[in-house]
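Following: one structure in C-alpha cells, then a few remarks.
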C-alpha cells in the first residue's frame, strides 16, 4: 500500500476482526502534546469505522473529548499501517461488562503505509496477558460482545 487511501483494505479489515495489539495516538487534553497507548479491545465495524473500548476513567477519554483527531498504528500484512480519523464516544458505559468502559468509534479519514522504504515486518508484535487466562478470555468476550451491541 504505497499511497494514502480512505478506507481499510480487505486485508486490514479482516485483521481487525479479531483482537489485535495496536497503538492509539491522541492529543493530550492538558499539554496539547502527542500521546501513544497500547490497546487491544479494538475491531473494524466496517471498512470506514473502527470501534474500541477504554477504561472510562482513562485520561484517553478526556483527550478524545477535547480533540477527536486520532490515529491508530496497526501491525499487519508485513507492514506498519496508520489509520487516521475522528473519534467519538458511542457510550460512556458498556452494558454487561463488570467495570466502567467507554466505547469509542473512529470514523476513518485515511489509511497509509507507515513502514520505511525497503523493509517489511518479518514478525508481527505478540503479547500475552499476565493474569488468569480464563478470566482474560471471559472479559475479552464480554467487552467485544458489549462493543458490538453499543449504540
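The set of residues in the range 92-112 being modelled with pLDDT of 95 or more and buried (at least 17 other Cβ atoms within 10 Å of the Cβ) consists of 101, 102, 103, 104, 105, 106, 108, 111. Residue check: residue 133 meets all listed conditions (1) touching a residue at least 24 places away in the same chain (Cβ under 8 Å); (2) farther than 26 Å from residue 47 by Cβ but one, namely (1). Regarding the range 55-65, can at least one residue be identified that is touching a strand residue (DSSP E or B) at 6+ places or on another chain (Cβ under 6 Å), at pLDDT 95 or above, surrounded by fewer than 17 Cβ atoms within 10 Å (Cβ to Cβ) and within 20 Å of residue 34 (Cα to Cα)? Within the range 55-65 (the criterion being touching a strand residue (DSSP E or B) at 6+ places or on another chain (Cβ under 6 Å), at pLDDT 95 or above, surrounded by fewer than 17 Cβ atoms within 10 Å (Cβ to Cβ) and within 20 Å of residue 34 (Cα to Cα)), the answer is no, since none of the residues qualifies. Among the residues of the range 1-37, those that are without any contact (Cβ under 8 Å) to a residue 24 or more places away in the chain and either at positive phi or surrounded by 13 or more Cβ atoms within 10 Å (Cβ to Cβ) (or both) comprise 14, 32, 37.
The values are calculated or read from the model by the stated rules, or taken from the named source; none is laboratory data. It should be emphasised that the depicted structure is a prediction, and the values quoted were computed from it without experimental measurement. Heads up, the Cβs are rebuilt from the backbone with ideal geometry, glycines too, and the neighbour counts pull from every protein chain shown.
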